[in-house]
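One structure is given here, and the rest of the page talks about it.
Taken together, the values in this text are just the output of simple stated rules run on the coordinates, not laboratory data. Since the model is a prediction, treat every value here as computed from it, not as a measurement. All Cβ positions, even for glycine, are placed from backbone atoms using ideal geometry, and neighbour counts span all protein chains on display.
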Amino acid sequence: MEFEKLLKERRSATFFDKNKELADNLIKEIIDLSTLAPSAFNTQPWELIIVKSSEARKELYEKACNQPKVLEAPVTIAIVGKKNGYKRENPIWDEKIKNKTLNSESLQAYMDMCENKLYNSDVKKNAYAVRNASLFAMTLMFVAKSKGVSTHPMIGFSEEAVKELYSISEDKVVVMLISMGYFNEEKKLFPREKRFSFDKISKVY
Ligand SMILES: Cc1cc2nc3c(=O)[nH]c(=O)nc-3n(C[C@H](O)[C@H](O)[C@H](O)COP(=O)(O)O)c2cc1C
């Protein structure tokens, strides 16, 4: 699908067809393509929890303000951001050394910059995790749309409850939930709301 058309047609789907499953290989394909999303130093600080079974959907629905799409969509994905994803343990650093895009001296310099400047507080680590994982999330919504699959992003959920449900550690943040499936063609969405234009949102220096 041409990108501009895709952009204009993507909506937060709200109504999913309960009777239409999403094939596992399609879910996997959408996720694999979404990994092409950009991230700081290509550290890819995200993890996904894929909620598929009806029992698991019911549990998540209760933590997500009882939003019906979590029950109706065949899949809801919790996008988790890793606050410590930039650290040396991330195998992407070894990859850079192996590919000679980085030498061990510059690696040390990057590590120092990350620890002492870029991510030297919990607020900054949190921002790092949320910024990067949000780009993954947006990419996933576009990729899904390009495959004829609808999505709905949500931050209407209890992060504490979702973390407890999936034993997510303190160094991670549940960035958003995305329900994914086929739109229920018997329903109609409200018309798309107005967007603020260039003049309203831009300052030019
Ligand atoms: C980060 C984020 C969180 C959102 N959380 C919710 C939510 O919890 N429940 C909901 O019904 N919609 C949620 N939405 C959907 C927005 O309301 C929707 O994207 C917006 O109204 C624009 O509509 P559109 O996506 O159809 O263009 C969320 C969207 C984003 C990007």
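Pairs only if they're at least six apart or on different chains, beta carbon under 7 angstrom, first in segment 180-205 and more than 11 Å from residue 15 (Cα to Cα), second surrounded by 10 or more Cβ atoms within 10 Å (Cβ to Cβ); list them, first residue then second.
Within 7 Å, the pairs are 192/11.
How about segment 79-107: which of its residues are within 19 Å of the chain's Cα centre (by Cα) and β-branched (Val, Ile, Thr)?
Selection gives 79, 80.
Just for segment 157-205: of the residues that are closer than 21 Å to residue 135 by Cβ and within 10 Å of the ligand (Cβ to nearest atom), which one is farthest from the chain's Cα centre (by Cα)?
Within segment 157-205, the match that is farthest from the chain's Cα centre (by Cα) is 195.
Restricting to segment 46-70, name every residue that is in contact with a Phe, Trp or Tyr (Cβ under 9 Å, 6 or more places away or on another chain) and without any contact (Cβ under 8 Å) to a residue 24 or more places away in the chain.
68
Does residue 136 qualify as being of a type outside the set (S, T, N, Q), touching a Gly at 6+ places or on another chain (Cβ under 9 Å) and outside any strand (DSSP E or B)?
yes
Under 6 Å between Cβ atoms, which residue pairs at least 6 apart in sequence (or on different chains) link something in segment 148-161 that is within 20 Å of residue 18 (Cβ to Cβ) with a partner that is surrounded by fewer than 17 Cβ atoms within 10 Å (Cβ to Cβ) and of a type in the set (Ser, Thr, Tyr)?
152/12
Return the residue satisfying two criteria in turn: it lies in segment 1-52 and is among the small types (Gly, Ala, Ser) and either surrounded by 11 or more Cβ atoms within 10 Å (Cβ to Cβ) or within 16 Å of the ligand (Cβ to nearest atom) (or both), and of such residues it is farthest from residue 85 (Cα to Cα).
Among them, the one singled out is 13.
Please state which one of 158, 121, 106, 167 is in contact with a Lys or Arg (Cβ under 7 Å, 6 or more places away or on another chain), surrounded by fewer than 17 Cβ atoms within 10 Å (Cβ to Cβ) and small (Gly, Ala, Ser).
158
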